[in-house]
1. Filter segment 62-87 for residues that are open to solvent by less than 50 Å² (accessible area, probe 1.4 Å) and among the polar types (S, T, N, Q) and give the result.
2. Pull out all pairs, ordered by first then second residue, where Cβ-Cβ is under 8 Å, the residues are six or more apart or on different chains, the first lies in segment 71-89 and is closer than 14 Å to Gly100 by Cβ and touching a residue at least 12 places away in the same chain (Cβ under 8 Å), and the second is open to solvent by 60 Å² or more (accessible area, probe 1.4 Å) and assigned to a helix (DSSP H, G or I).
3. Is it true that Gly78 is assigned to a loop (DSSP other than H, G, I, E, B) and within 17 Å of Ser37 (Cα to Cα)?
4. Could you list, in sequence order, the residues of segment 97-123 that are surrounded by 13 or more Cβ atoms within 10 Å (Cβ to Cβ) and among the polar types (S, T, N, Q)?
5. Scan Val94, Val133, Val127 and give me the residue that is more than 16 Å from the chain's Cα centre (by Cα), in a helix (DSSP H, G or I) and surrounded by 14 or more Cβ atoms within 10 Å (Cβ to Cβ).
6. Taking the stated definitions as given, is Leu11 at pLDDT 95 or above, surrounded by 12 or more Cβ atoms within 10 Å (Cβ to Cβ) and either in a helix (DSSP H, G or I) or in contact with a His (Cβ under 9 Å, 6 or more places away or on another chain) (or both)?
7. Any residue in segment 29-36 that is among the β-branched types (Val, Ile, Thr), free of Cβ contacts under 8 Å to residues at least 60 places away in the same chain and either loosely packed, with under 14 Cβ neighbours inside 10 Å or farther than 25 Å from Glu143 by Cα (or both)?
Amino acid sequence: MSDARDIAISLFSEVLTADQLLRARLTKVLPNRMEISHFSVLNHLARGGERTPAQLARAFHVTRGAMTNTLGKLEAAGHVHIRPDWDDARRKLVSISGSGQSARDAALDAITPLIAEIVEGMGEARVRAALPVLRELRVKLGEL
């Protein structure tokens, strides 16, 4: 039992440390003081069309208040449009603006060399082999 516990502790220690290091590196290269949360929301909206703030909060596993704060900053920067839902006046719908699409593209351009360098340094085959395990871990954590 101790081996399984040690493996679990090592896995989560590595994942948490890698997350902290990656976030620190990304924060340094993202343009115009963009935060990782801002890029993440813009990237999500760029791939999927309109969403409600509640849908976004669920997708990112954050509170509605935290998402409202992020969306407020993105709206103030002109990166998202927030409009009433014409079918349900209690809801709002969020979409990416042209400015937001440009900001997302600039962020991708800024982070791609960093990510490519990491993948190249580790070896594409090793990274490709690790992806199913990391994907499964993400799914299992999402089910909790």
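The values are calculated or read from the model by the stated rules, or taken from the named source; none is laboratory data. Quantities reported herein were computed from a predicted structural model and do not represent experimental measurements. Cβ placement follows ideal geometry from the backbone for every residue including glycine, while neighbour counts extend to all protein chains displayed. All accessible areas refer to the heavy atoms of the entire protein, side chains included, with ligands and DNA or RNA removed. Shrake-Rupley method; radii C 1.70, N 1.55, O 1.52, S 1.80 Å.
1. The one that is open to solvent by less than 50 Å² (accessible area, probe 1.4 Å) and among the polar types (S, T, N, Q): Thr70.
2. Every condition considered, the pairs that remain are His81/Glu75; Ile82/Glu75.
3. Yes.
4. Within segment 97-123, Ser97, Ser99, Gln101, Ser102 qualify.
5. Within the list Val94, Val133, Val127, the selection yields Val127.
6. no
7. no
Quick grid of which residues meet (1) of a type outside the set (S, T, N, Q); (2) touching a strand residue (DSSP E or B) at 6+ places or on another chain (Cβ under 8 Å):
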| residue | (1), (2) |
| --- | --- |
| Glu35 | yes, no |
| Ser40 | no, no |
| Arg51 | yes, yes |
| Ala57 | yes, no |
| Met67 | yes, no |
| Thr70 | no, no |
| Val80 | yes, yes |
| Asp88 | yes, no |
| Ser97 | no, yes |
